[in-house]
Amino acid sequence: MATNKKPGKWKKRTLAVRGGQTRSPFQETSEGLFLTSGYAYEAAEEAEARFKGEIGGYQYSRFGNPTVSMFEERMALLEGAPVGRATATGMAAVSAVLLSSLRTGDHIVAAKAMFGSCLHVVEQILPRFGIGYSLVDGEDSNAWEKAMKPETRLLFLETPSNPTLSLVDIAAVAKIADKHGARLAVDNAFATPALQRPMEFGAHIVIHSSTKYIDGQGRALGGVILCHQDFLNDHLQVFLRNTGPSISPFNAWLHLKSLETLDVRMKQHCENALKVADFLAGHNKVTRLLYPFRPDHPQHNLARAQMDGGGGVVTFDVAGGKKAAFKFANALKLIDISNNLGDAKTLVTHPETTTHQKLTQEARAALGINSGTLRISVGLEDADDLCEDLDQALKVA
Ligand SMILES: Cc1ncc(COP(=O)(O)O)c(C=O)c1O
């Protein structure tokens, strides 16, 4: 690689645009897309030395790729993490963290309010390998402490959670992890490093579905793991290299370039979401409204303490249950029905029948999901158009 600018004490927005960039001898301004599976060596001796780790350089894109490295480095700088590794999806990142570091006899404590596939890995896959788990009310710091066992190695949570925007006090749970010699892993997909940096509050590992706000335009799947060097050396690196959940260089390039606009996009997502939340809160067909940066959110103070903005997701209950929720969704003229989130386009989903369909009724009730619950991923359109669409659809509900 040719010349690089030398990062000084760059602030986050500068890091999001320039952090981690390496240039080829062509001195391209925009980061290069190295769509290659393999790398050639000048001589057999060089190949041997690279495989022995005696000299640097890439060997095979399952192990590493220059475009992927730029994405990993930029994400690490934004999260304040020593190192990062990108994966094919957010779920590949979650699975790699759990499966690379836990072994038979170990125990994990996780928050109940978690994305359905994460719960599946904890409840269905880990026990097959003799790994025990306890699910706790993530909002209750005492519940985390009580669930700890001598064999607990990992604590795992997402905040804000999907879809009920429940928060966990990251600093309080990180302290519990430290006290018991365990690690805390935080899924930061909803907030992104633009709004929340869990390592600043003591988390040891941060996980992302970069499919969501990091891509920001609903184009490509991806995931990222941010961690300390010892976790990478002792667990993650060998696991990733040999099991192969690698991100495509193309997807890494899309997400790398998207980081350049993450901060401005997240600001607009937050501004639009707050306007939508305020509109819905005043509507007579809305029986519950959840948005972390509104004073009526039950954990509003915590939201202000650990987040720089409320995020782009607003969750609400419409009066009249599933029938009304479906009528509302079907009546939308601008907003799309889609279970994805973090897109520039506003998307609405009915968690009971989509993202959380596989959970039991009791499990959904425990998470605060009922038949009238709708989740809106508020996009980047004009907020007035969004409110107008919501208004006309609520009239039909
Ligand atoms: C909080 C959270 N974590 C993880 C995932 C999984 O990410 P991916 O779909 O990229 O595998 C999702 C959504 O799909 C999510 O909402």
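Can you give me the distance in nm between label points at residue 51 and residue 319, each placed 7 Å from the Cα along the Cα-to-Cβ direction?
7.2
In whole Å, largest first, what are the principal axis extents of the Cα atoms in the chain?
For the chain, the Cα extents along the three principal axes come out at 73, 51, 35 Å.
How much length would be gained if the chain were fully extended between residue 237 and residue 14, taking 0.36 nm per residue of separation minus their Cα-Cα distance, in nm to one decimal?
Working: separation 223, 0.36 × 223 = 80.28 nm, distance 2.85 nm.
Answer, rounded to one decimal: 77.4 nm.
Can you compute the label reach from residue 337? Point 7 Å from Cα along the Cβ direction, backbone N cut-off under 18 Å, restricted to the range 356-370.
356-358, 370
Where does each of 204, 297 land when they are ordered by accessible area, with a 1.4 Å probe and the largest first?
The residues order as 204, 297, largest area first.
Go through 212/322; 146/179; 212/257; 112/327; 333/395; 285/323 and tell me which ones have a Cα-Cα distance over 18 Å in this structure.
212/322; 112/327
In whole percent, and with a 1.4 Å probe on the protein chains, what portion of the accessible area of the range 296-397 is carbon and sulfur?
Exposed carbon and sulfur together represent 49 percent of the surface.
Just grab the label-to-label distance for residue 180 and residue 281, each label 7 Å out from Cα along the Cβ direction, in nm (one decimal).
Inter-label distance under the simple model: 3.6 nm.
Under 14 Å from the Cα of residue 358, which aspartates and glutamates turn up, not counting those fewer than eight places away in the same chain?
Those aspartates and glutamates meeting the cut-off are 123.
Quick check: the distance between the Cα centres of the range 140-203 and the range 235-290, to the nearest angstrom?
A separation of 19 Å, based on Cα centres.
Could you pull the Rg and Dmax for the range 278-376, using just the Cα atoms, both in Å?
13.7, 38
I want to verify a result. In a Gaussian network model of the chain, Cα cutoff 10 Å, which of these has the top mean-square fluctuation: 157, 33, 380?
Most flexible of the set in this elastic network: 33.
Given a Förster radius of 35 Å and the C-beta distance between residue 228 and residue 44 as r, what FRET efficiency does 1/(1 + (r/R0)^6) yield to the nearest 0.05?
0.45
Any chance you could run the full-extension gain for residue 362 through residue 217? It's 0.36 nm times the residue separation minus the Cα-Cα distance, nm to one decimal.
Stretched out fully, the residue 362 to residue 217 stretch lengthens by 48.8 nm.
Given a cut-off of under 8 Å on Cα pairs at least six residues apart, what relative contact order in percent is computed for the range 288-393?
Result for the range 288-393 is 31 percent.
Relative to the first principal axis of the alpha-carbon coordinates of the chain, what is the inclination of helix 249-259, with its axis defined by its Cα atoms, in degrees from 0 to 90 and to the nearest 10?
60
How high is the relative contact order of the chain, in percent, counting Cα pairs under 8 Å that sit 6 or more residues apart?
About 16 percent, as a whole number.
Mean residue ellipticity at 222 nm from the helices of the chain, using -39,500 (n - 2.57) per DSSP H segment of n ≥ 4 over the full residue count, to the nearest 500 deg cm²/dmol?
After summing the helix terms and dividing by residue count, I get -10500 deg cm²/dmol.
The values are calculated or read from the model by the stated rules, or taken from the named source; none is laboratory data. Nothing here was measured: the structure is a model prediction, and the numbers come from that model. Counting neighbours? That spans all protein chains shown, and the Cβs are built from the backbone with ideal geometry, glycine included. Keep in mind that these areas ignore ligands, DNA and RNA; they rest on the heavy atoms of the full protein, side chains included. Shrake-Rupley method; radii C 1.70, N 1.55, O 1.52, S 1.80 Å.
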